[in-house]
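**Student:** Before I ask anything, let me first share the structure, which is written out below as structure tokens.
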Amino acid sequence: MQLTFIQVLELLGIFAFAISGATAAINKSYDVIGLLALAFITSVGGGTIRDLLTGATPVAWITDERSNIAIIIAAIITALFFSYVKKLNRWLNTFDAIGLGLFTITGINKGVAGGFPMPVCLLLGVITGTFGGLLRDVITGEHPILFTREIYAVASIAGGVLYLIGIHTNIPRDIILSVTVAVIVTIRLLSLRYNWQFPRLKA
Amino acid sequence: MQLTFIQVLELLGIFAFAISGATAAINKSYDVIGLLALAFITSVGGGTIRDLLTGATPVAWITDERSNIAIIIAAIITALFFSYVKKLNRWLNTFDAIGLGLFTITGINKGVAGGFPMPVCLLLGVITGTFGGLLRDVITGEHPILFTREIYAVASIAGGVLYLIGIHTNIPRDIILSVTVAVIVTIRLLSLRYNWQFPRLKA
Amino acid sequence: MQLTFIQVLELLGIFAFAISGATAAINKSYDVIGLLALAFITSVGGGTIRDLLTGATPVAWITDERSNIAIIIAAIITALFFSYVKKLNRWLNTFDAIGLGLFTITGINKGVAGGFPMPVCLLLGVITGTFGGLLRDVITGEHPILFTREIYAVASIAGGVLYLIGIHTNIPRDIILSVTVAVIVTIRLLSLRYNWQFPRLKA
């Protein structure tokens, strides 16, 4: 089995989102069931909501062995090496940003393939990239990070707009995809590095 | 573009539900992403759950430009004029009650068109009218208003039963619709005016 | 109308899950709407999520009069005789365990009928048996029991594996089904009796 570069990146993204869910489960003192469930929900939740909204069922991940195994491995590694995983924060953020970038593009591509208008494609991309984390936060009773602190959806939106413009030019798809992911990862990691925060709305 | 009276009322309902979501986002100090997301979820959440349960996908709102623009405008207005919006509470409640009435009827009509039995049509109407607010409350971690305090679902049920009886008579549909919305709005606003509360169940 | 033994057990399971939801509603001082809604969501939530994921819509329960009536009766009984219901804890746990067993098998059967691979069938069985309770806990803002304390999903998984092995042998389906439910109920009730707890993950 020969994986393409994109497939390797996608597995890294799935892996990183699964670690994020598993980490949240451990922080809440969940058991092994909670560990696996939250790793799955965080990793496939965004794509699942996209597929439900557009009627693309059965949802794809349910029979995707490779990604399911990646999620289970991520959960086990997180449980066994939790103290190390926490120290790898910078690597995790990088994987997570790659996941955000690739999930955004996957979502947009599904929207384009489904013949939806451009703003809907963008919305499907952002939902794919971010709603797994929203489910994770709602289930664990945390304030949704998506809504309250970090430059997250904005990176996805910026990259998504770029991608949607790009695929209507003659530039080769691979280049557009690479540039988009690079833009999303860069915005996301710079925002973490320099602690950029979206203004909160004050009551 | 010429809007019918019903379409104007529906846009007002969507608008009012969106303001309700946006207000909740500001009360929780969410950012702009949270503002928009919660406005959308509150406004289209009930109809989305109805469409998912009945398999009517892709869900309708996803390509409904007019309602999406109404939601975005409602969110922006709420953010810019929050202190004024709060003072307009009576107007907001009226819009929200109109939204409840019209969403109830929209849900019932979809059920009838789908050939579902009458109690299921009523259930779909109530879900359409109320589950957007339920999602808003679950996401923000609040006690669901739907379950705990106000005469809300009951107004929707009362109007829905009336509507289901009415459409099996010879009375013109427009009259039935107007009377139903008037009944739902009246019950809802009287309950707020005189502080009628549903009895809570005591443990 | 003549009910088979399995149908009687299924109604008992639906009934028990509905009581569990109704009890949670009363513990939260919800009103009658909350009582009915939480009884329904707890009872049909797992099967609904399974059907949404696999695209089996409209979801089955929506037109299943018999189960809907069972849920409403369960909710009313719980509200009227709450102090007695609480004392019937052991009976409730038995019904609930039967429900878990039968819902697990129902979910697996739907997966097998849909031609899904075995691990997916198992997952659909566990989701059918457990996600109604997860929804109940997320809506009421409680820590999900599914993730934090009890031997619950594990009983479903153990029985599910046994069932999946069994249906690939020559043993009559009725015997396999009875043994599976007995195993799930036994594991569940023994874990309650002897206070077996899954290890929590420590941060």
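We did not get these values from a lab; they are worked out from the coordinates using the rules stated. Every value quoted in this text rests on a predicted model; they were computed, and no experiment measured them. We place every Cβ from the backbone using ideal geometry, glycine too, and count neighbours over all the protein chains shown.
**Student:** For chain C, with a Gaussian network of springs between Cα atoms less than 10 Å apart, report the residue from C:Gly46, C:Gly13, C:Gly34 with the top mean-square fluctuation.
**Tutor:** Result: C:Gly34 has the largest fluctuation of those listed.
**Student:** Let me ask something else. Top mean-square fluctuation among B:Gly166, B:Gly45, B:Gly132, Gaussian network model of chain B, C-alpha springs under 10 Å?
**Tutor:** Between B:Gly166, B:Gly45, B:Gly132, it is B:Gly166 that shows the largest mean-square fluctuation.
**Student:** Now, a different point. Send over the per residue convex hull volume for the protein assembly as shown, Cα only, as a whole number of Å³.
**Tutor:** 167
**Student:** Still on this structure: Which links in C:Lys28/C:Lys87; A:Lys28/C:Lys110; A:Lys28/B:Lys28; A:Lys28/A:Lys87; A:Lys86/A:Lys110 stretch past 25 Å when you go from one Cα to the other?
**Tutor:** Pairs exceeding the cut-off: A:Lys28/C:Lys110; A:Lys86/A:Lys110.
**Student:** Using modelled backbone amide H atoms (1.01 Å from N, in-plane), which distant-in-sequence or interchain residues come within less than 5 Å of B:Glu150's amide H?
**Tutor:** Amide H to amide H, under 5 Å and 5 or more residues apart or across chains, B:Glu150 pairs with nothing.
**Student:** What number does chain C give for Rg over Rh if you use C-alpha atoms and the Kirkwood radius?
**Tutor:** 0.96
**Student:** Run the label-point distances for C:Ile6 please: 7 Å along Cα to Cβ, every other copy, nanometres, shortest first.
**Tutor:** 4.5, 4.5
**Student:** With no solvent and one equal point scatterer per Cα, compute the Debye intensity ratio I(q)/I(0) for segment C:1-89 at 0.19, 0.20, 0.22, 0.24 Å⁻¹ and report its log10, rounded to two decimals.
**Tutor:** -0.85, -0.92, -1.05, -1.16
**Student:** Please find, in a Gaussian network model of chain C (springs between Cα atoms separated by less than 10 Å), the residue of C:Ala60, C:Ala75, C:Ala39 whose mean-square fluctuation is greatest.
**Tutor:** Ranking C:Ala60, C:Ala75, C:Ala39 by mean-square fluctuation puts C:Ala60 first.
**Student:** Using helices alone, I'd like the mean residue ellipticity at 222 nm for chain A: each DSSP H run of four-plus residues gives -39500 (n - 2.57), total over residue count, nearest 500.
**Tutor:** Result for chain A, helices only: -25500 deg cm²/dmol.
**Student:** Tell me which residues come under 5 Å, amide H to amide H, from A:Tyr30 once H is placed; ignore anything under 5 positions away on its chain.
**Tutor:** C:Leu201
**Student:** Return one number: the angle in degrees, 0 to 90 and rounded to the nearest 10, between the long axis of the Cα atoms of helix B:65-80 and the longest principal axis of the Cα atoms of chain B.
**Tutor:** 40
**Student:** Please report how far the C-alpha centroid of segment A:78-120 lies from that of segment C:132-158, rounded to the nearest whole angstrom.
**Tutor:** 27
**Student:** Relative to the longest principal axis of chain C, what angle (0 to 90°, nearest 10) does the C-alpha long axis of helix C:89-113 take?
**Tutor:** That helix lies at roughly 40 degrees to the long axis.
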